[in-house]
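Below you'll find the structure, written out as structure tokens, and then a few comments.
The values are calculated or read from the model by the stated rules, or taken from the named source; none is laboratory data. Bear in mind the structure is a predicted one, so any value in this text is a computation, not a measurement. Using ideal geometry, Cβ is built from the backbone for each residue, glycine included, and neighbour counts are taken over all protein chains shown.
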Amino acid sequence: MKVAVIGAGPAGITAAYELAKRNVHVDVYEASPHIGGLARTIALWDQKVDLGPHRFFSNDPRVNKVWLEVVGSDYLMVDRLTRIYYKKRFFYYPLKAFDALRNLGPFEALRCIFSYLVQIVSPRKNSDNFQDWVVSRFGRRLFEIFFKSYTEKLWGISCKDLDVDFAAQRIKKLSLFEAVKNAIFRGKGNQHKTLVDRFAYPTGGTGMVYERMADFVKAKGFGVFLNTAVKKILNDRNVVYGLELADGAQKKYDHVISTMPLTTMVLGFNNLPPEIKSAAQGLKFRNTILIYLHVDAKDLFPDNWLYIHSPELLMGRMTNFRNWVPHLCQGKDTTILALEYWCYDHDQIWKENDSELIEHAKQEAQKTGLVGSAKILDGFVHRISKCYPVYERGYKEPLQAVAKFLNSVSGITAIGRYGAFKYNNQDHSILMGLLAAENLAEGKSHDLWSINTDYEYQEKAVITGVGLQPSL
């Protein structure tokens, strides 16, 4: 069997790594010059940074086992501190009820409690959108303060137009009641799965994991081709038989694992049914602009990253790479901050040049007061196209139509955040890669479309400072 993998991000390179371990001929095609996709690590100002904050955590022993297999002992446990920045105040995230109410002040706290009680007395039923789902669990006032601004920055649509799936996956069962209960009974078997406060992090940056996987694939004699974009997947009716590269070259394969954006991949098929073309065109992705600022200071704030909920600021998140592992700083006494902005192709910010973006980021960083009087030495812009699948209300119908179509085509597997149109974390993409390899090499029949950010499993284990340990 000869297998092609499109994309060297977490899902694609994990699939290639697992196939190479089984001596299946596999070649990886990556359009960029780098390994790691969204989880890539880059060198900047003699330090290392990731493409935004990439916390790795999983309870799945399969995922943790392969992660440790690759990383070995080259990781540290990081104490997570991530807070919400709102009106020059800091609130713990996930929300800690007493902290939030204390920070808001007595008048605003009473408004929040009253708003929550209104929902208890008159609960919303059968909500199909993010706004109603959150309001029913936290009350309208807490929704307006802690969810609305950030969510609409991220997705560029009203919270009423965002599917309830996003809330169910990312907030899960957490509510104001759950947050209060956790504050009172913390450590007594009441730890909610969204309240993970420690995670493993590679000393060479998140991208180190995927670079090592790629090195293994190459060491086995298989191909990892960088700067090699795939134009389209070759198919004859319902059979995929290879790739066409951007330079026109055609490569024959028995199977293709694709992590390229699902819409791009499907729209490249020959003889695509009109209804599938329409469905694929109905799915949208959101872009990210990362603006790195090199700040002449060491101790700006203690958080790994901050969620910026202040509506007067355009940025949505700020990462402080000095607060991850010391290896990233490489002995330097300066700090690198990453400010994140989200947009669509048609938005004005996507069209601005780098100097305009850096100047805007400097102004916003200074408005927060988080950099104080420290000098901002330099800036760097990194753009990522089509990196967030948009869970707009009604997205499931076209996605299911596309998935059903692909299931009828032999020789193709779609995985990853881009490839499966799922808002994956690293662990979910790694699992997709693992199971895709098992399907091909071992004849298994895992349903990869069912893997999502809320998947469950029977046996649980977590990575600790001394390796893999059972999870209660």
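Can you tell me which residue among ASP299, ASP333, ASP303 is buried (at least 20 other Cβ atoms within 10 Å of the Cβ) and acidic (Asp, Glu)?
On inspection, the qualifying residue turns out to be ASP303.
If you scan region 119-133, which residues turn out to be of a type outside the set (D, E, K, R) and modelled with pLDDT of 90 or more?
Once the filter is applied, which keeps residues that are of a type outside the set (D, E, K, R) and modelled with pLDDT of 90 or more, region 119-133 yields ASN129, PHE130, GLN131.
Provide a single number: the residues in region 383-406 that are modelled with pLDDT of 95 or more and in a helix (DSSP H, G or I).
10
Please find, among HIS327, HIS294, the residue that is outside the structural domain of ALA401 (by TED's automatic domain parsing), in a helix (DSSP H, G or I) and touching a residue at least 60 places away in the same chain (Cβ under 8 Å).
HIS327
Would you pick out the residues in region 303-314 that are assigned to a loop (DSSP other than H, G, I, E, B) and within 17 Å of the chain's Cα centre (by Cα)?
If the condition is that a residue be assigned to a loop (DSSP other than H, G, I, E, B) and within 17 Å of the chain's Cα centre (by Cα), then ASN304 is the only one that fits.
Could you please find all residues in region 382-403 being surrounded by fewer than 18 Cβ atoms within 10 Å (Cβ to Cβ) and either touching a Ser or Thr at 6+ places or on another chain (Cβ under 7 Å) or within 18 Å of GLY52 (Cα to Cα) (or both)?
Matches in region 382-403: HIS382, ARG383, SER385.
Residues that are in contact with a Pro (Cβ under 7 Å, 6 or more places away or on another chain) and in contact (Cβ under 8 Å) with a residue 24 or more places away in the chain: list the strands (runs of 3 or more DSSP E) wholly contained in region 8-117 that include at least 1 such residues.
75-79
One residue is enough: does region 80-87 have a residue meeting the conditions touching a helix residue (DSSP H, G or I) at 6+ places or on another chain (Cβ under 7 Å) and more than 19 Å from PHE301 (Cα to Cα)?
Taking region 80-87 as the starting set, the residues that turn out to be touching a helix residue (DSSP H, G or I) at 6+ places or on another chain (Cβ under 7 Å) are 84-86.
Subsequent filtering for residues that are more than 19 Å from PHE301 (Cα to Cα) retains none.
No: region 80-87 contains no residue that is touching a helix residue (DSSP H, G or I) at 6+ places or on another chain (Cβ under 7 Å) and more than 19 Å from PHE301 (Cα to Cα).
Among (1) modelled with pLDDT of 95 or more; (2) under 26 Å from VAL325 (Cα atoms); (3) touching a strand residue (DSSP E or B) at 6+ places or on another chain (Cβ under 9 Å), there is one condition PRO53 misses while meeting the rest; what is its number?
Of everything listed in (1) modelled with pLDDT of 95 or more; (2) under 26 Å from VAL325 (Cα atoms); (3) touching a strand residue (DSSP E or B) at 6+ places or on another chain (Cβ under 9 Å), PRO53 misses just condition (1).
Kindly evaluate ILE349 against the criterion of being assigned to a helix (DSSP H, G or I), on the phi < 0 side of the Ramachandran plot and of a type in the set (Val, Ile, Thr).
Yes: the conditions hold for ILE349.
Condition first: surrounded by fewer than 21 Cβ atoms within 10 Å (Cβ to Cβ), within 25 Å of the chain's Cα centre (by Cα) and in contact (Cβ under 8 Å) with a residue 24 or more places away in the chain. Can you find one or more residues in region 131-138 that meet it?
yes
For every residue, the table says whether it meets (1) crowded, with 23+ Cβ neighbours inside 10 Å; (2) assigned by TED's automatic domain parsing to the domain that holds VAL256; (3) at pLDDT below 95.
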{"position": "GLY7", "(1), (2), (3)": "yes, yes, no"}
{"position": "THR14", "(1), (2), (3)": "yes, yes, no"}
{"position": "LEU19", "(1), (2), (3)": "yes, yes, no"}
{"position": "ALA31", "(1), (2), (3)": "no, yes, no"}
{"position": "HIS34", "(1), (2), (3)": "no, yes, no"}
{"position": "GLU69", "(1), (2), (3)": "no, yes, no"}
{"position": "LYS88", "(1), (2), (3)": "no, no, yes"}
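For the structure I just gave you, tell me whether ALA436 is assigned to a helix (DSSP H, G or I), crowded, with 24+ Cβ neighbours inside 10 Å and at pLDDT 95 or above. I'd like the intermediate steps shown before the answer.
Values: assigned to a helix (DSSP H, G or I): yes; crowded, with 24+ Cβ neighbours inside 10 Å: yes; at pLDDT 95 or above: yes.
Yes; evaluated as a whole, the condition is true for this residue.
With the requirement that a residue be among the aromatic types (Phe, Trp, Tyr) and under 30 Å from ASN323 (Cβ atoms), what does region 201-229 give you? Step through it out loud before you land on a result.
Step one: list which residues in region 201-229 are among the aromatic types (Phe, Trp, Tyr), which gives 201, 210, 216, 222, 225.
TYR201, TYR210 - these are the residues of region 201-229 that are among the aromatic types (Phe, Trp, Tyr) and under 30 Å from ASN323 (Cβ atoms).
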